[in-house]
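The structure appears right after this line, and notes come after that.
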Amino acid sequence: VGVPGYEQFNKLWQSMRQMANPENIHLVFDSQLVGSPERVRQRLRSLVGMGFDYVVVAPCITGVPMDVRHDQIVRFARDVAPEFSSRFRSPPRRVAAGE
């Protein structure tokens, strides 16, 4: 605490401690793309309305099995992304090994 050059790091940990408190769960949901496909689309519409051009979807939460994370990103690509990018409107093509 109070170490010059580490102020931002200290703020980050304070924020993480706040979000770990169950009474503050709304802070997590308000800042994440969490919920049904419609809720996530609404949140993305809001971000687009604020001027955001890109979002990073990274379902890599510690302790969540790989197959669950894969299912999450597939659902996002299938149920949410097509509204925001034509690249997701056609069925995915299989890519051969080494391609």
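Values computed for the structure shown
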quantity	calculated
Shape of region 1-54, Cα gyration tensor, a/c cut at 1.5	oblate
Helical mean residue ellipticity (222 nm; -39500 (n - 2.57) per DSSP H run of 4+; nearest 500) of the chain	-15000 deg cm²/dmol
Percent carbon-and-sulfur accessible area, the chain, ignoring ligands, DNA and RNA, probe 1.4 Å	59
Accessible solvent surface per residue of the chain, calculated while the other protein chains remain in place, 1.4 angstrom probe, Å²	86
Integer Hz, Karplus 6.51/-1.76/1.60 couplings in order for region 85-90, x for Gly and Pro	8, 5, 4, 9, 8, 10
Three-way shape call for the chain based on the alpha-carbon gyration tensor, with the a/c threshold at 1.5	prolate
Degrees between helix 7-20 axis and first principal axis of the chain (Cα, 0 to 90, nearest 10)	70
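The values are calculated or read from the model by the stated rules, or taken from the named source; none is laboratory data. Quantities reported herein were computed from a predicted structural model and do not represent experimental measurements. The area values use the complete protein model at the heavy-atom level, side chains included, leaving out ligands, DNA and RNA. Shrake-Rupley method; radii C 1.70, N 1.55, O 1.52, S 1.80 Å.
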